[in-house]
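Reading through the structure tokens given below for one structure.
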Amino acid sequence: MKKLILVTSPPACGKTFVTKQLAKAMTNCVYLDKDSLIVLSKQIFKVAGEEINRSSDFFEEWIRNYEYDAIMEVAYEALEYNDTVFINAPFTREIKDKAYMDRLRSELAKRSTKLVVVWVHTDIEVCHQRMIERASDRDGWKLAHWDEYVATRDYNKPTGIKDLVVFENSSDIEFKNSLHQITYYLRKL
């Protein structure tokens, strides 16, 4: 059976590293990263004469949802050629939206594909430190307004999601244990 694996969490929880390591542990899969679309998003900000701020109202209205639509279209196409597709993207709103998840499962059913959601759980202070260390321009506003930013994010494991697995990622030991357990689970599907 085909699998679409969404690796999700708020920013700086380690999604990219976790997703890449899971993809490397699997054989013959496709790895997709929504951050690959940021180059296009920056151009939209530029053309619109807006400050590059991925936490802005402009981003919310004109960019955010289209990035998700685009990565999903690429994933659907990838499923035509490979049985295992990983998407590295926050999906924090989408996975809590029952209607969205029902539509996604319906689309995947048409492709004989099972959905698996991997939630990367990381302590907030570890996320803060990782965001500082990665020194990405996309995090400038977040770091400058850390308390305000963190208040808008939910770091708790989502509830009510079928086929959700939690990847603990606050320490090296947690990472190694989760990588082993979740790789084993994904191979058995």
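Hey, does region 124-144 have a residue that's of a type outside the set (Gly, Ala, Ser) and assigned to a loop (DSSP other than H, G, I, E, B)?
At the first step, the residues of region 124-144 found to be of a type outside the set (Gly, Ala, Ser) are 124-134, 137-139, 141-143.
Narrowing further to those that are assigned to a loop (DSSP other than H, G, I, E, B): none.
Scanning region 124-144, I find no residue that is of a type outside the set (Gly, Ala, Ser) and assigned to a loop (DSSP other than H, G, I, E, B), so the answer is no.
Take the residues in region 10-43 that are small (Gly, Ala, Ser) and on the phi > 0 side of the Ramachandran plot; name whichever of them is modelled with the highest pLDDT.
The initial filter retains those residues of region 10-43 that are small (Gly, Ala, Ser), namely 12, 14, 23, 25, 36, 41.
Now restrict to residues that are on the phi > 0 side of the Ramachandran plot: 12, 14.
Values: ALA12: 88, GLY14: 93.
Step by step, filter region 10-43, then rank; the result is GLY14.
Output the number of the condition that ILE52 fails; it satisfies all remaining conditions of (1) more than 29 Å from ARG105 (Cα to Cα); (2) part of a helix (DSSP H, G or I); (3) hydrophobic (A, V, I, L, M, F, W, C).
With (1) more than 29 Å from ARG105 (Cα to Cα); (2) part of a helix (DSSP H, G or I); (3) hydrophobic (A, V, I, L, M, F, W, C) applied to ILE52, the lone miss is (2).
Hey, can you tell me all the residues within region 82-103 that are within 30 Å of LYS176 (Cα to Cα) and outside any strand (DSSP E or B)?
Of all residues in region 82-103, those within 30 Å of LYS176 (Cα to Cα) come to 82-96, 101.
Of everything in region 82-103, those that are within 30 Å of LYS176 (Cα to Cα) and outside any strand (DSSP E or B) turn out to be ASN82, ASP83, ALA89, PRO90, PHE91, THR92, ARG93, GLU94, ILE95, LYS96, MET101.
I want to confirm something. Restricting to region 115-152 and keeping residues that are surrounded by fewer than 17 Cβ atoms within 10 Å (Cβ to Cβ) and charged (D, E, K, R), which single residue is nearest to THR16 (Cα to Cα)?
ARG134
Which residue pairs have Cβ atoms closer than 8 Å, lie 6 or more positions apart in sequence or on different chains, and pair a first residue in region 38-49 that is in contact (Cβ under 8 Å) with a residue 40 or more places away in the chain and in a helix (DSSP H, G or I) with a second residue that is of a type outside the set (Ser, Thr, Tyr) and surrounded by 15 or more Cβ atoms within 10 Å (Cβ to Cβ)?
ILE38/ARG138
Could you say whether any residue in region 62-70 is under 18 Å from the mean Cα position of the chain (by Cα), more than 21 Å from THR152 (Cβ to Cβ), assigned to a helix (DSSP H, G or I) and in contact (Cβ under 8 Å) with a residue 24 or more places away in the chain?
Step one: list which residues in region 62-70 are under 18 Å from the mean Cα position of the chain (by Cα), which gives 63-70.
Right, trim to more than 21 Å from THR152 (Cβ to Cβ) and you get 69-70.
With the extra rule that they be assigned to a helix (DSSP H, G or I), the set shrinks to 69-70.
Within this subset, residues satisfying the condition of being in contact (Cβ under 8 Å) with a residue 24 or more places away in the chain are 70.
Taking every residue of region 62-70 in turn, at least one turns out to be under 18 Å from the mean Cα position of the chain (by Cα), more than 21 Å from THR152 (Cβ to Cβ), assigned to a helix (DSSP H, G or I) and in contact (Cβ under 8 Å) with a residue 24 or more places away in the chain.
How do the pairs read when you match residues in region 161-189 that are more than 20 Å from LEU4 (Cβ to Cβ) with residues anywhere that are hydrophobic (A, V, I, L, M, F, W, C) and in a helix (DSSP H, G or I), using Cβ under 7 Å and keeping only pairs 6 or more apart or on different chains?
If the second residue must be hydrophobic (A, V, I, L, M, F, W, C) and in a helix (DSSP H, G or I), the pairs left are ASN169/VAL18; ASN169/PHE175; SER170/VAL126.
The values are calculated or read from the model by the stated rules, or taken from the named source; none is laboratory data. From a predicted model like this one, the values you see are computed outputs, not experimental measurements. All Cβ positions, glycine included, derive from the backbone under ideal geometry; neighbour counts span all protein chains shown.
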